[in-house]
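Below is one structure, written out as structure tokens; comments come after it.
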Amino acid sequence: MSKNFYITTPIYYVNDRPHIGHAYTTILADVLSRYFQLGGYSSFFLTGTDEHGQKVQQAAKERGISPQEQVDQYYVRFQELWNQLHIQYNRFIRTTEKNHCKYVQKILQELYDKDEIYQETYTGWYSVGEERFFTQDELVDGKDPISGRPVEWLEEKNYFFRMSKYQKRLQEHLHSHPDFILPAFRRNEVIGFLQKPLKNLCISRPRSRLNWGVPLPFDQNFVTYVWFDALLNYESAVTDQTFPDGSPIAPADCHLIGKDILTTHAVYWPSILAALDRPFPKHIFAHGWWLSGKKKVSKSDINASNPLDYISSYGTDSVRYYLMRDMVQGQDSIFTEESFIRRTNSELANDLGNAVNRVHKFILRYLNGEVPQPSLMNQDDEEMRNLAQDLIQKFYTLFPKFLITSLLEEIISYLRQINRYLEKNAPWKLVPSQSNSKSDQKRLASILYCSCESLRIVLTLLSPVIPEKASKGLTMIGAVPQISTSSLEWGILKGGEELIKGDSLFPRI
Ligand code: MSP
């Protein structure tokens, strides 16, 4: 089995500043990339910005600047946010990069030469917001069925990709690869979509209407439709790179997307790949939306839209944790400051912070600041070790299925077990004193050793989600932070490791 993992986020439109929805997708990709590394994979993580098309041209026009100025000013905002969120991407692509544009033109020419692209006059309802045509029966109350915005009747010559040819191939692929689209209910949506005849895809826009795009190599009067240009980023960005073992990066193991862009990824993209005789991505994972009340959070939503406010008030790791913990992958979730505070206080400050601080302070005060030598384990200690081993097994089953919320639940449940273990075994009743017997001292050593080992495993498994705090927490219990499978076993601490002094990991809000 290949131990390489290529994960992508959608590339974001640079018509406005990033909001919590964008932050969620990117953090989830980062977390998955780090979990795959922890599970022994080489991971390649691609993100970037989608800089062509009508939305960007319009945003620039409204601000009275050129599209080039618009994209140059806005892509930086995404990069800045990703830095603040500690996103470790391997490559950030901008679709205005020369190499990407050349790549798009090369592919267009290849498809044109193979007669996969042809010209035709087209009439239909056009939505500026969605940048696509709709048929009469696709409209809802005469409006764009996706954005609900007005549509206009347009007649124009355009170039089309023979997508309909690939309907059967897609259906077969969905049938023989049940985990191609995840979660399963999204796969059913695509299967449903493919039950209606698949149309050919309009892949050009006349220059008279839209100038900001990649010119078609075979007809300079047209530019490329923004989605055709954008989807190709998943390949153009990595043509000159390989995994450490020399194998090529593409095709992706996971295209992480929001549910609103499922058709473009699950139908358009594989059809383009089929026409090029290239393999399909392994998985397309569609997550839900962050809602504010009943509405999708969007750029105009001031209440919950600016992740930077949350980072500066509560810290990066709390934001990462909340977003990963509160949205069951695939489902929608409502974003509120109250639920954010509740989650941070109960799981990060109480369950995790308290356990680490208690053990840390105790060892500093009574045990010379060193992890005690492991000694004879009693039944409670053994239970903690067995549960840790179970948890590690669960990690190995859950992360390849991208089930991060379930994994976090398992980790928290074990963490609570550590707290119960500490309560029950009450090391504070065995603090070294003259009246203490030798066996009390041994018992104390064993409890603290087991607590450090259990917490080491918890912090290691949490490190993809809360990298900074997990590293700090690990040093506070005498462990070395490292993302590697070798850290996922009981007994890495040998006793004698020195603790690095630290204060409370997650102060209560
Ligand atoms: N540029 C296209 C993607 C091209 S990929 C080849 C695009 N860009 S976008 O900026 O509009 O949206 C990017 C992603 O952000 C989408 O996956 C979308 O689902 C996600 N989100 C936007 N708002 C969201 C929420 N409120 N909640 C969660 N994610 C949402 O589409």
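May I ask you to verify whether residue 397 is of a type in the set (Val, Ile, Thr), part of a helix (DSSP H, G or I), farther than 21 Å from residue 499 by Cα and open to solvent by less than 20 Å² (accessible area, probe 1.4 Å)? Judged against the criteria, residue 397 is not a match.
Within the range 1-49, the residues that satisfy the criterion of being more than 11 Å from the ligand (Cβ to nearest atom), of a type in the set (Gly, Ala, Ser) and not in a helix (DSSP H, G or I) are 2, 39, 40, 42, 43. Residue 123 meets each of the listed conditions (1) surrounded by 18 or more Cβ atoms within 10 Å (Cβ to Cβ); (2) assigned to a strand (DSSP E or B) apart from (1).
The condition of being part of a helix (DSSP H, G or I) and either over 29 Å from the mean Cα position of the chain (by Cα) or at pLDDT below 95 (or both) holds for residue 105.
Residue 267 meets the stated requirement of being in a helix (DSSP H, G or I) and over 23 Å from residue 27 (Cβ atoms). When the residues of the range 190-205 are filtered to those that are of a type outside the set (A, V, I, L, M, F, W, C) and surrounded by 16 or more Cβ atoms within 10 Å (Cβ to Cβ), the one that is farthest from residue 168 (Cα to Cα) is 205.
Flag: residue 187 matches the condition of being surrounded by 15 or more Cβ atoms within 10 Å (Cβ to Cβ), closer than 25 Å to residue 332 by Cβ and more than 16 Å from the ligand (Cβ to nearest atom). Counting only residues that are hydroxyl-bearing (Ser, Thr, Tyr) and under 23 Å from the mean Cα position of the chain (by Cα), which one in the range 452-509 is surrounded by the most Cβ atoms within 10 Å (Cβ to Cβ)? Residue satisfying both the conditions and the ranking: 460.
Let's see how each residue does on (1) within 14 Å of the ligand (Cβ to nearest atom); (2) at pLDDT 95 or above; (3) surrounded by fewer than 21 Cβ atoms within 10 Å (Cβ to Cβ):
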{"residue": "242", "(1), (2), (3)": "no, yes, yes"}
{"residue": "247", "(1), (2), (3)": "no, yes, yes"}
{"residue": "252", "(1), (2), (3)": "yes, yes, no"}
{"residue": "255", "(1), (2), (3)": "yes, yes, no"}
{"residue": "262", "(1), (2), (3)": "yes, yes, yes"}
{"residue": "266", "(1), (2), (3)": "yes, yes, no"}
{"residue": "269", "(1), (2), (3)": "yes, yes, no"}
{"residue": "274", "(1), (2), (3)": "no, yes, yes"}
{"residue": "279", "(1), (2), (3)": "no, yes, yes"}
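The values are calculated or read from the model by the stated rules, or taken from the named source; none is laboratory data. This is a predicted model, so every value here is computed, not measured. FYI the Cβ positions are ideal-geometry reconstructions off the backbone, even for glycines, and counts take in every protein chain you see. Only protein heavy atoms, including side chains, enter the accessible area calculation; ligands, DNA and RNA are left aside. Shrake-Rupley method; radii C 1.70, N 1.55, O 1.52, S 1.80 Å.
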